[in-house]
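Contents: one structure, followed by commentary.
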Amino acid sequence: MKAIFAIIFLTSGLLGFAQNDYCTHYTTDQFFNLPEALEPIDLNNPNIALIEAAVFHAANGQRAKHGKPILSYNYELSVAALGHSQEMKEKNFFNHINSRNASNKTFMDRIALSGATFNTTGENLSKMDMMATTKKDFRYFTQLNNGKYEYYVDASSNKQLGVNTYASYGRKVIHYLMRSKGHRANLLETKFTHQGIGITIIHNSRLTKELPKAYMTQNFGG
């Protein structure tokens, strides 16, 4: 009953949350050669499982590169991760500490509520736009057609922005996490044996400094 309660408690949106086969059925090299992983992210209907898997495999790619054992997929860690990403989006905050929900305050709380049982745990967070070419402190314009996103342009140059592929986005997220001391330590920690990724997408208004981005939570256990 503990795990069932945790899934309902974290957020009702997780009731249909399924295991990510892209994380369990493919090696890192196999995943990054899948045709669907090399497609640009569809801003109107992004494949969340593909984005999560891209981050998952990019993390394992870095571990392999640095001589560390790769991490296995864990469903409960993924449930906890997605719950936190969704709550950050819904309650408009970005932090490891959830001050809006006492029962889910820390990543240790969230992982325990998911039903996962590990001796040591950790968490990485990322909030990164999905465009391939962007500039800091520029405004961007959203071209809409019948309510659907067609493309984004730089409001100053009127140039259209490219969109990351699923593969390139996952690698971009991990590239920037590896540049942060604490996040890098989690990514390469040898005590960890498993990871789980949870992602939710945010779109913004038509003229804004904010581009469509993914709130990403990455949980670790060992």
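The values are calculated or read from the model by the stated rules, or taken from the named source; none is laboratory data. Note that the structure is predicted; figures quoted are calculated from it, not measured. Don't worry about glycine lacking a Cβ; one is built from the backbone with ideal geometry, like all the others, and counts go over all protein chains shown. Ligands, DNA and RNA are excluded from the accessible area calculation, which covers all protein heavy atoms including side chains. Shrake-Rupley method; radii C 1.70, N 1.55, O 1.52, S 1.80 Å.
Out of Y176, Y169, Y140, Y152, one residue alone is among the aromatic types (F, W, Y), under 28 Å from K68 (Cα atoms) and open to solvent by less than 30 Å² (accessible area, probe 1.4 Å). It is Y169. In the range 37-51, the residues that are open to solvent by 60 Å² or more (accessible area, probe 1.4 Å) reach residues that are in a strand (DSSP E or B) and of a type in the set (S, T, Y) with C-beta atoms within less than 8 angstrom, at least six apart or across chains, in these pairs: L38/T165; E39/T165; P40/T165; N44/Y149. If the condition is being part of a strand (DSSP E or B) and modelled with pLDDT of 90 or more, then the range 190-212 contributes H194, Q195, G196, I197, G198, I199, T200, I201. Check the range 112-127 and report whether any residue there is open to solvent by 20 Å² or more (accessible area, probe 1.4 Å), among the β-branched types (V, I, T), at pLDDT 85 or above and part of a strand (DSSP E or B). Yes, the conditions are met somewhere in the range 112-127.
Taking the criterion of being out of contact with any strand residue (DSSP E or B) (no Cβ under 7 Å at 6 or more places or on another chain) and in a loop (DSSP other than H, G, I, E, B), the residues of the range 136-163 that qualify are K136, D137, N146, G147, S156, S157, N158. Tally up the residues in the range 1-54 that are outside any helix (DSSP H, G or I) and either modelled with pLDDT of 95 or more or closer than 29 Å to T133 by Cα (or both), please. Final tally of qualifying residues: 16. Residues that are open to solvent by 20 Å² or more (accessible area, probe 1.4 Å), out of contact with any Phe, Trp or Tyr (no Cβ under 9 Å at 6 or more places or on another chain) and in contact (Cβ under 8 Å) with a residue 24 or more places away in the chain are absent from the range 192-201.
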